[in-house]
1. Among the residues of segment 423-442, how many are at pLDDT below 75 and either more than 27 Å from Leu377 (Cβ to Cβ) or aliphatic (A, V, I, L, M) (or both)?
2. If we scan segment 133-144, do we find a residue that is touching a residue at least 12 places away in the same chain (Cβ under 8 Å), out of contact with any Asp or Glu (no Cβ under 8 Å at 6 or more places or on another chain) and within 17 Å of Phe225 (Cβ to Cβ)?
3. Write out, first by first residue and then by second, each pair whose Cβ atoms fall under 6 Å of each other, whose residues are 6+ apart or on separate chains, and whose first residue, in segment 421-445, is of a type in the set (Gly, Ala, Ser) while the second is at pLDDT 75 or above.
4. Checking the conditions here, which among Gly23, Gly51, Gly77 is of a type outside the set (S, T, N, Q), at pLDDT below 85 and within 60 Å of the chain's Cα centre (by Cα)?
5. In this structure, is Pro274 in contact with a Lys or Arg (Cβ under 9 Å, 6 or more places away or on another chain) and not in a helix (DSSP H, G or I)?
6. Please pick out the residue among Val273, Val212 that is over 26 Å from Glu81 (Cα atoms) and either crowded, with 17+ Cβ neighbours inside 10 Å or without any contact (Cβ under 8 Å) to a residue 12 or more places away in the chain (or both).
7. Can we say Glu204 is acidic (Asp, Glu), surrounded by fewer than 17 Cβ atoms within 10 Å (Cβ to Cβ), modelled with pLDDT of 90 or more and under 51 Å from the mean Cα position of the chain (by Cα)?
8. For segment 21-91, please list each of the strands (runs of 3 or more DSSP E) lying entirely inside it that holds at least 1 residues being surrounded by fewer than 13 Cβ atoms within 10 Å (Cβ to Cβ) and not assigned by TED's automatic domain parsing to the domain that holds Lys125.
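The values are calculated or read from the model by the stated rules, or taken from the named source; none is laboratory data. Note that the coordinates shown come from a computational prediction; the quantities given were computed from them, not determined experimentally. Please note: Cβ atoms are built from the backbone with ideal geometry, for glycine as well, and neighbour counts cover all protein chains shown.
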Amino acid sequence: MDDRDTTPLGGNTPEYSVSEISGAIKRTLETGFARVRVRGEITECKRYPSGHIYMSLKDEGGKIAAVVWRGSVSRLGLAPENGTEVIATGRVSAYGERSNYQLVVDRLEFAGEGALLARIEALRKTLVAEGLFDEARKRPLPFLPSRIGVVTSRQGAVLHDICTTIGRRFPREVLLWPVAVQGEGAAEQIAAAIAAVSALDDPELRPDVLIVARGGGSLEDLMAFSDERVLRAVAACSVPVISAVGHETDTTLIDYVSDRRAPTPTAAAEMAVPLRSELLADLEHRSARLSGGLVQMMQGARMRLDRAAAAMPDLPGVVGTMRMRLDDRGQRLDLALPVQATRARARLVGVERRLPGVEMLIGRRRARVEVVGSGLLGALRHFRQHVRGRYDRVAMPASLPGAAIRLQAARLEGVVGRLEAVSPLAVLGRGYALVQERGKPVVSAAALRPGTKISLTFADGVRGARVERDVERDQGALDL
């Protein structure tokens, strides 16, 4: 047999599973770095819907992953942001499934620039308490300003970007207030420029909107735009202010005080003026809609007018119909009048036939008058004889003088004479005649017209007559 060494490969080196070695490393890290403070710049910061915050801390020589669990977010002391140098307090832990380690952070503090950031934060709280950051103070920007003011450095690309953007979108007049945007005295110049713009009264120089801008930089470079003097000047400015300081991720306190914040100077110019092509397109669109609306309104009005005209009667036709109806009514009236007259005459004849004749009525009246007259004359004669007989039978006293007898007799004769004088027969006997028309006495010559039939009553009878003409014109007035 071969006397070879049968010792297993690896010798006495212990063998671990992956889980065992990962757990050992984790215990070693958590034991050796149970509580540490790590200084670095925040990068790759991201907040997940779960509430956890994942980020990294880096410096010139390395980078370490960090996590803030949801329960520790409210106790961090500051909101983590990319580019902020902080001192993170926590513990080191390992994540065995990916063979990496991370810093579990439960507190953050500013480092390096922490003093500046703390001062900025204190100023922010003061201004918030004063209400300078309230949204109710924000003023709307003018739709199309005629003049735009710019507070920025004369050198650099910021002014060029603003002018180029304004010229491309809608050319407007640009007034520059050149200032230093960083370093010693920058805050004083910026505040003075904003105050000068607010104090302008000349309408030929006063801008309609003011842009305060500068390019990106470090926290120290942007500190002038978080200065209290600049912030209060912006709050007191009578012209709407657009802040455009730094890049999109940079934030200064002027952004909270100004009426609008732009992420870049180019975006500030875009906010200040509208795009001319869009305005022209919108104007053309509105003009087309207006024209279409007017055409539609005219068409609708024309349709309503046509319907109304169609519903109205034909005036010439109506007039013609009315004329024909009038002619028909006139013709019918011409025919109806004789018919009505004939009918009325027939009714009159019927009534006349039912009435007794005039001669009969006159005869009856005459007979009645004759009877009454005869009775009256007989009564008068009888009364006269009776009176005379009484006087003849009466024995006159011897003492009654004859003159008294004669006086009474004369009075009696007078009464008899008056009675005979008022008798109708006595009147007719004197040559008078009673003129009657249809049984009624005629008392006026004007009531008789030529051709009227009348009756004449005499003392001894009645005769009919007809009126021919006027006696004054012709003496033959009556034809008996």
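1. The first filter runs over segment 423-442 and keeps only residues at pLDDT below 75, leaving 423-431, 439.
Still in the running and either more than 27 Å from Leu377 (Cβ to Cβ) or aliphatic (A, V, I, L, M) (or both): 425-428.
Result for segment 423-442: 4.
2. Scanning segment 133-144 turns up at least one residue that is touching a residue at least 12 places away in the same chain (Cβ under 8 Å), out of contact with any Asp or Glu (no Cβ under 8 Å at 6 or more places or on another chain) and within 17 Å of Phe225 (Cβ to Cβ).
3. Note: pairs meeting the criteria are Ala433/Leu456; Ala433/Phe458.
4. On the way: Gly23 fails: within 60 Å of the chain's Cα centre (by Cα); Gly51 fails: at pLDDT below 85.
None of the other options fit; the residue is Gly77.
5. Details: in contact with a Lys or Arg (Cβ under 9 Å, 6 or more places away or on another chain): yes; not in a helix (DSSP H, G or I): yes.
For Pro274, the condition - in contact with a Lys or Arg (Cβ under 9 Å, 6 or more places away or on another chain) and not in a helix (DSSP H, G or I) - is met.
6. Working: Val212 fails: over 26 Å from Glu81 (Cα atoms).
It is Val273.
7. Working: acidic (Asp, Glu): yes; surrounded by fewer than 17 Cβ atoms within 10 Å (Cβ to Cβ): yes; modelled with pLDDT of 90 or more: no; under 51 Å from the mean Cα position of the chain (by Cα): yes.
Considered against the rule, which asks whether it is acidic (Asp, Glu), surrounded by fewer than 17 Cβ atoms within 10 Å (Cβ to Cβ), modelled with pLDDT of 90 or more and under 51 Å from the mean Cα position of the chain (by Cα), Glu204 comes out as no.
8. Numbers: elements: 36-47, 53-58, 63-68.
Correct list: 36-47.
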